[in-house]
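Participant: Just dropping this structure here.
Read the figures in this text as sums done on the coordinates, not as results from a lab. Everything numeric in this text was worked out from a predicted model, so none of it was measured. Note that we place each Cβ from the backbone using ideal geometry, even for glycine, and neighbour counts take in every protein chain shown.
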Amino acid sequence: MPWSTAFDDPVQVGGKRRLLTLQQAADYIMQLPEDAQHEAHWQTAIETLIHAAETGGGWLTFARIAMLRALNAAGRHGDE
C-alpha cells in the first residue's frame with residue numbers, strides 16, 4: 001500500500017490542520033522535536049504507519065487510531 005494512501009477519515013491536528021494520508025502523518029511525526037519522537041506514543045504511531053504502508057488492510061485503521069492516541073497523549077504532555 002503506498003504512503004499516499006488516505007485514511008478513511010482525516011486525522012485532525014489542532015483546530016485547522018488535517019492529516020489525510022499515511023505520508024502526511026509520518027511527516028508530521030518527523031517534524032516533532034527528536035526527544036518527542038522517541039516517546040512511546042509516537043513510536044507506536046510510526047510503527048503502525050509502517051505496518052499500514054507495508055501490509056494495508058486493518059493496519060490503516062490501527063494507524064489512524066495510533067495517531068489520534070499519540071496526539072491526545074502529546075496534548076496532555078505538552079509535546080505539540
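Participant: Grab the DSSP H runs of the chain that are 4 residues or longer, score each as -39,500 (n - 2.57), total them, divide by all residues and round the 222 nm result to the nearest 500 deg cm²/dmol.
Facilitator: -18500 deg cm²/dmol
Participant: Mind listing the long-range amide H neighbours of Phe7? Cut-off is under 5 Å, sequence gap 5 or more, other chains count too, H placed in the peptide plane at 1.01 Å from N.
Facilitator: Thr21, Leu22
Participant: May I pose another question? Explain nothing, just the number: relative contact order of the range 6-77, from Cα pairs under 8 Å at least 6 residues apart, as a whole percent.
Facilitator: It comes to 28 percent, rounded to a whole number.
Participant: Related question: Which whole-Hz ³J(HN,Hα) couplings does the range 18-32 yield from phi under the Karplus relation 6.51 cos²θ - 1.76 cosθ + 1.60, θ = phi - 60°, glycine and proline marked x?
Facilitator: 10, 9, 9, 10, 4, 5, 4, 5, 4, 4, 4, 5, 5, 8, 6
Participant: Oh, and also: 5 Å is the cut-off here: which amide hydrogens, built 1.01 Å from N in the peptide plane, fall below it relative to Val13, excluding neighbours closer than 5 in sequence?
Facilitator: Amide H to amide H, under 5 Å and 5 or more residues apart or across chains, Val13 pairs with Arg18, Leu19.
Participant: With springs only between Cα atoms under 10 Å, which of Gln12, Gln31, Gln43 fluctuates most in a Gaussian network model of the chain?
Facilitator: Gln31
Participant: Tell me, in nm to one decimal, what length is gained between Thr21 and Ser4 on full extension, where the rule is 0.36 nm per residue of separation less the Cα-Cα distance?
Facilitator: Separation in residues times 0.36 nm, less the Cα-Cα distance, equals 5.6 nm.
Participant: At a temperature of 4 °C and a viscosity of 1.567 mPa s, determine how fast the chain diffuses translationally according to Stokes-Einstein, using the Kirkwood radius over alpha-carbon pairs as Rh; express D in µm²/s, rounded to the nearest whole number.
Facilitator: Approximately 106 µm²/s, per Stokes-Einstein.
Participant: Name the residue farthest towards the positive end of the dipole of the chain from the options Leu60, Thr48, Ala36, assuming +1 on Cβ of Lys and Arg, -1 on Cβ of Asp and Glu, about the Cα centre.
Facilitator: Checked the options; the winner is Leu60.
Participant: Evaluate the charge dipole of the range 6-77 about its Cα centre and quote only its size in Debye, nearest 20, assuming +1 on the Cβ of each Lys and Arg and -1 on the Cβ of each Asp and Glu.
Facilitator: The dipole of the range 6-77 has a size of about 340 debye.
Participant: Taking other Cβ within 10 Å of each residue's Cβ, how do His51, His38 sort, fewest first?
Facilitator: Starting with the residue having the fewest Cβ neighbours, the order is His38, His51.
Participant: Which is farthest toward the positive dipole end of the chain among Phe7, Ala26, Ala74, measuring Cα position about the Cα centre, with Cβ charges +1 (Lys, Arg) and -1 (Asp, Glu)?
Facilitator: Final value for the positive-end residue is Phe7.
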